[in-house]
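Trainee: Below are the structure tokens for one structure; questions will follow.
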Amino acid sequence: MAAIVLVAVFYLAGHRRPAAMTNVSGGNHPVAPAFLLTDLNGRRLELSNYRGKVVLLDFWATWCAPCRTEIPHFVELQKQYGTQGFQVVGISMDDGPKPVREFYDRFHLNYPVAMGDEQVADAYGGILGLPVNILVSRDGRICARHAGLTDANILEQEIAAQLQRTGEPAAPK
């Protein structure tokens, strides 16, 4: 039993996630880590492709009940704000693409979904529970992070606030 506790403490110490950030105005926000994943259609999905847009990264899984509750809201947010420079990007933490593809088709997702991995989860502070939603501003900075089921109205307010902000996209690497 003591060994299990020690392993759990060691794991958690190395995988702490930052505290939730819900302030979307001002402040020094960290740059969102770059990633390269493969979407469900086999295409490259890179955060840098969305430079200049407000991006909602949704870490989720098909078996996660709160994730399944949030996703229809994300489909609606993409419909409502997509033409204004907003993009949802789903990052599935499922073990394989088959259930993700079935879910994607069944629920008519209108945004790209890629299979996540431990590297991208660690880059974003560790994903210890699902869902985790990270809002990235037009200049490529993390401006909000929500762990667990998040009120759709809060997300929409944060997205709308970021869309109203102007600024140049972050310079390419």
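Quick note: the coordinates plus some simple rules give every number you see, no bench work behind them. This structure is a prediction, so every number in the text was calculated from the model and none was measured. All Cβ positions, glycine included, derive from the backbone under ideal geometry; neighbour counts span all protein chains shown.
Trainee: Looking only at region 105-123, filter to residues that are out of contact with any Leu (no Cβ under 6 Å at 6 or more places or on another chain) and in a loop (DSSP other than H, G, I, E, B); which one of those is farthest from ARG44 (Cα to Cα)?
Mentor: Taking region 105-123 and keeping what is out of contact with any Leu (no Cβ under 6 Å at 6 or more places or on another chain), we get 105-111, 115-123.
In the following step, the residues that additionally are in a loop (DSSP other than H, G, I, E, B) were identified as 107-111, 116-117.
On the way: PHE107: 22, HIS108: 21, LEU109: 18, ASN110: 17, TYR111: 14, GLY116: 13, ASP117: 14 Å.
So, considering only residues that are out of contact with any Leu (no Cβ under 6 Å at 6 or more places or on another chain) and in a loop (DSSP other than H, G, I, E, B), the one farthest from ARG44 (Cα to Cα) is PHE107.
Trainee: A further question follows. Need the failing condition index for GLY126 against (1) within 18 Å of LEU37 (Cβ to Cβ); (2) not in a loop (DSSP other than H, G, I, E, B); (3) not aromatic (Phe, Trp, Tyr), just the number.
Mentor: All conditions pass for GLY126, except number (2).
Trainee: In region 39-104, which strands (runs of 3 or more DSSP E) lie fully inside it and hold 1 or more residues that are more than 16 Å from the chain's Cα centre (by Cα), loosely packed, with under 13 Cβ neighbours inside 10 Å and of a type outside the set (Val, Ile, Thr)?
Mentor: Values: elements: 44-46, 54-60, 86-92.
Result: 44-46.
Trainee: Name the pairs: first residue in region 128-144 and without any contact (Cβ under 8 Å) to a residue 24 or more places away in the chain, second residue in a loop (DSSP other than H, G, I, E, B), Cβ to Cβ under 8 Å, at least 6 apart or on different chains?
Mentor: From region 128-144, the pairs are GLY129/GLY148.
Trainee: Now, a different point. Would you point out the residue of region 55-90, among those that are β-branched (Val, Ile, Thr) and touching a residue at least 12 places away in the same chain (Cβ under 8 Å), that is nearest to ILE159 (Cα to Cα)? Spell out how you get there, then give the answer.
Mentor: Looking only at region 55-90, we keep the residues that are β-branched (Val, Ile, Thr), and these are 55, 62, 69, 71, 75, 83, 88-89.
This time we only want the ones that are touching a residue at least 12 places away in the same chain (Cβ under 8 Å), so: 55, 62, 69, 71, 75, 88-89.
On the way: VAL55: 9, THR62: 24, THR69: 19, ILE71: 16, VAL75: 14, VAL88: 11, VAL89: 14 Å.
Restricting to residues being β-branched (Val, Ile, Thr) and touching a residue at least 12 places away in the same chain (Cβ under 8 Å), the top hit is VAL55.
Trainee: Turning to a different aspect of this structure: Which residue is surrounded by the fewest Cβ atoms within 10 Å (Cβ to Cβ), if the candidates are limited to region 126-141 and must be within 23 Å of ASN28 (Cβ to Cβ) and within 10 Å of the chain's Cα centre (by Cα)?
Mentor: Residue satisfying both the conditions and the ranking: ILE134.
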